[in-house]
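The values are calculated or read from the model by the stated rules, or taken from the named source; none is laboratory data. Just so it is clear, the structure is predicted and the values come from calculations on it, not from any experiment. With ideal geometry, Cβ positions are generated from the backbone for all residues, glycine too; neighbour counts draw on all protein chains shown. For the accessible areas, the whole protein counts, side chains as well, though only heavy atoms, and no ligand, DNA or RNA atoms are used. Shrake-Rupley method; radii C 1.70, N 1.55, O 1.52, S 1.80 Å.
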Amino acid sequence: MLTILFLLATESVSQVNLPAAKPVPRMQVLPLPDDQASVTCDGREIARYYFGKDLYRPFLYPIIGPSGRSLTRMGHPRDPNTHRHHNSVWISHHDLNGVGFWNDAKSSEGRIVHQKVIRYEDTNDEALIEVQNAWIDGAGRGKTLLEEQRAMRFRPQERGQWLLILDVTFSAPKQPVTLGKTNFGFTGVRMAKTIDVHDGGGMIRNSEGAVNERQVHEKPSRWVDYSGPIAPSAQEGITLLDHPQNENHPTVFHVRDDGWMGAAFNFSAPRTIEPGQPLKLRYGLWVHSGVPTAATIDEQFAAFSKIGEPAK
């Protein structure tokens, strides 16, 4: 018989001091098996990044709110098959040189394939995941159309709230790449079913005072907020922020009452990325408690606008 003895440390056990011990960072990235990375705040997971090479595209799930529940979901609550590409929070595009990257249908032959982790960083102020991806034409050719460097910074705030900063740099490796005119891409967010307008009685608002899909859909604004019930006694939400230095700011937002919102970078016109002239974009996701006033969101947007580049 194999006997295993576990010695649990108690106050009565003699301790050895660690004179060189360093403070444990509040924000940490924990690499996991199967190409995943968990982001924790004070030991509690707030998000997880999935980047396996068999995926159509990398994504973040869950996005944990102050109540401890995910404010996003995987897939459309009423259409889990044709909308299975709605992977919580993701970056994609409907048309690169005529190749689709947006959904999982056969008509979208493109794949966003993880290449390498550039770095993980843990500090009290933020956790950082920085990666390199290749946007590959998957129609039997395996040609890299676009190279992407993505930095995801997770910043803690009071009362369990937090901010995700998405920095993406797109580069054309050899030939120009044209981003087609579309309202799908780059950033997508699939909200939890209980938060959406149809099923949960939630609400969509934008920076211009518009409310819900009928007023907000395909309208330019600095931000769009989606808030609603997440627990019997809790209302929470996510604000999607378009950085003022982005091209086409304020961007057009694609929203639906069924729990979807996204920033439509190419809603009005195509955009060509030339070799040696990368396109840089920044978006923010403010994960918050309650249903904040427009003035409160404006304060968050102002602070977001002043955030600098990731530390080297």
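A few remarks follow.
- Summed over all non-identical Cα pairs, the Kirkwood treatment of the range 175-312 gives a radius of 15.6 Å.
- For Ser305, Ser38, Ser233, the ranking by accessible surface with the largest value first comes to Ser233, Ser305, Ser38, using a 1.4 Å probe.
- Residues listed by number, the range 277-312, amide nitrogen under 17 Å from Ala234 label point at 7 Å toward C-beta: 286-292
- With contacts taken as Cα pairs under 8 Å at a separation of at least 6 residues, the chain carries a relative contact order of 15 percent.
- For the chain, the longest principal axis of the Cα atoms and the long axis of helix 294-305 meet at an angle of about 90 degrees.
- Between Arg26 and Asp42, the simple spin-label model (points 7 angstrom out along Cα→Cβ) gives 0.8 nm.
- Rolling a 1.4 Å probe over the protein heavy atoms leaves Thr272 with an accessible area of roughly 50 Å².
- Three-way shape call for the range 166-218 based on the alpha-carbon gyration tensor, with the a/c threshold at 1.5: prolate
- R0 of 51 Å, Cβ-Cβ distance Asn246-Leu18: FRET efficiency to nearest 0.05: 0.65
- With every protein chain in place, the range 233-312: carbon and sulfur % of accessible area (1.4 Å): 50
- Candidate lysines - alpha carbon under 26 Å from Lys53, same-chain residues fewer than 8 apart omitted: Lys106, Lys116, Lys143, Lys174, Lys280
- Apportionment of accessible area to carbon and sulfur, the range 87-155, percent (1.4 Å): 41
- The Cα atoms of the range 70-190 define a convex hull whose projected area, averaged across directions, is 9.0 nm².
- Across the range 61-133, counting alpha-carbon atoms alone, Rg and Dmax equal 15.6, 44 Å.
- Bins of 10 Å, starting at 0 and running to the largest distance - Cα pair percent for the chain: 6, 26, 34, 21, 7, 4, 2, 0
- Each peptide in 217-223, 105-111 gets a packing score, the mean of other Cβ atoms within 10 Å over its residues, and the list from highest to lowest is 217-223, 105-111.
- Take the chain with all the other protein chains still there, run a 1.4 Å probe, and you get 48 Å² of accessible area per residue.
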